[in-house]
Amino acid sequence: MPVTLFQEKRTYPVNGHMVVIRQARGEDAPELRKRLARVVREKVYLDEAPDSLPDSREQEEEIEQIQDSGGLYAVVKVDGIIAGTARLRRGSRGISDHTAAFRTWIIPGYRGMGLGKKLMEYTIDWAKVNGIEKINLDVWSNNDRAIRLYQKYGFRLEGRRRRQAILNGEYVDEIFMSRFL
């Protein structure tokens, strides 16, 4: 299967909005931190606490570290506002650097616009061009929308940890999925 030529920056019109996906930059760090905190406060999608989030300087360092180690840290902006991210953190050099762990989030108010699909396409294209052979991810079992998206893009179940979290008073499993490129 031929590899798609990778466009570093992609622009799309979506429902009257201008959507841009591009590599994250250091100056994105304060806004990224603010948006991530919003998602974490929902206590539904990410297994983090608001007080564990990096400050802006640490966020900038994380962007640099991921990109410097051969990974992807991308942002999706809608009308100039960061609405979400996609990350691929490469495995250990020499052992598992042919793999990458995927993580994404989109803030409330921007979900259902197709941004997840655009981020997924961007991420997969980037991975193919940059020598990633396998993308791994984990998702809560009650996140049906995300699971359907991942399945649509070829991710398959690899395992699960039962009753790994309690969300809204109910146990949920942590599902592990992957896609070979």
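Counting only heavy atoms of the protein chains and using a 1.4 Å probe, Asp138 has close to 80 Å² of accessible surface. Once you order the gyration tensor axes a ≥ b ≥ c over the Cα atoms, which shape class does segment 95-181 get: rounded for a/c under 1.5, otherwise prolate or oblate by comparing a/b with b/c? In terms of gyration-tensor shape, oblate. Computed with a 1.4 Å probe over protein heavy atoms only, the accessible area of Met177 comes to about 10 Å².
Legend: distances between Cα atoms for Lys9/Lys152; Lys9/Lys77; Lys34/Lys128; Lys77/Lys128; pairs beyond 21 Å are Lys9/Lys152; Lys34/Lys128; Lys77/Lys128.
What's the longest piece of the chain with no exposed GluC sites (Glu not before Pro), counting a site as exposed if DSSP puts it in a loop and it has at most 15 other beta carbons within 10 Å? Mind dumping the intermediate values first?
Numbers: sites that count: Glu8, Glu42, Glu48, Glu133.
Longest stretch, sites excluded: 49-132.
What FRET efficiency comes out for the pair His98/Asn143, r = Cβ-Cβ distance, R0 = 35 Å, nearest 0.05?
Values: r = 27 Å, r/R0 = 0.77.
Result of the calculation: an efficiency of 0.85.
Each Cα pair under 8 Å and six or more residues apart adds its sequence gap; the mean of these over the residue count of the chain is a relative contact order of 18 percent. Per-residue extension of 0.36 nm, minus the Cα-Cα distance of Glu158 and Phe180, leaves a gain of 6.7 nm for this segment. Solvent exposure of segment 73-172, expressed per residue, is 49 Å² of accessible area, with all protein chains present and a 1.4 angstrom probe.
Quantify how much of the Cα-Cα distance distribution of segment 84-135 extends past 13 Å, in percent. Intermediate values should be presented prior to the final figure.
Values: 768 of 1326 pairs.
Above the 13 Å cut-off, segment 84-135 has 58 percent of its Cα pairs.
Using the alpha-carbon positions of the chain, Rg (one decimal) and Dmax (whole number) come out as 15.9, 47 Å.
What's the FRET efficiency of Arg38 with Gln65 using the Cβ-Cβ distance as r and R₀ = 22 Å, to the nearest 0.05? The partial results should precede the final answer.
Values: r = 23 Å, r/R0 = 1.05.
Efficiency, rounded to the nearest 0.05: 0.45.
If you take every DSSP beta bridge whose two residues both sit in the chain, what share of them, in percent to the nearest 5, is antiparallel? Taking every DSSP beta bridge within the chain, about 95 percent pair in antiparallel fashion. Note on Gln7 and Arg57: the extension gain reaches 15.2 nm, defined as 0.36 nm multiplied by sequence separation minus the Cα-Cα distance. Here the accessible area of the chain is 47 percent carbon and sulfur, with a 1.4 angstrom probe and all protein chains present. If the elastic network links every pair of Cα atoms under 10 Å, which of Gly169, Gly71, Gly116 fluctuates the most in the Gaussian network model of the chain? Top of the fluctuation ranking is Gly169.
The values are calculated or read from the model by the stated rules, or taken from the named source; none is laboratory data. Quick caveat, the model's predicted, so the values are computed rather than measured. Methodologically, a virtual Cβ is constructed for each residue, glycine included, from the backbone with ideal geometry; neighbour enumeration extends over all protein chains shown. Protein only, heavy atoms only, side chains kept; ligands, DNA and RNA dropped before computing areas. Shrake-Rupley method; radii C 1.70, N 1.55, O 1.52, S 1.80 Å.
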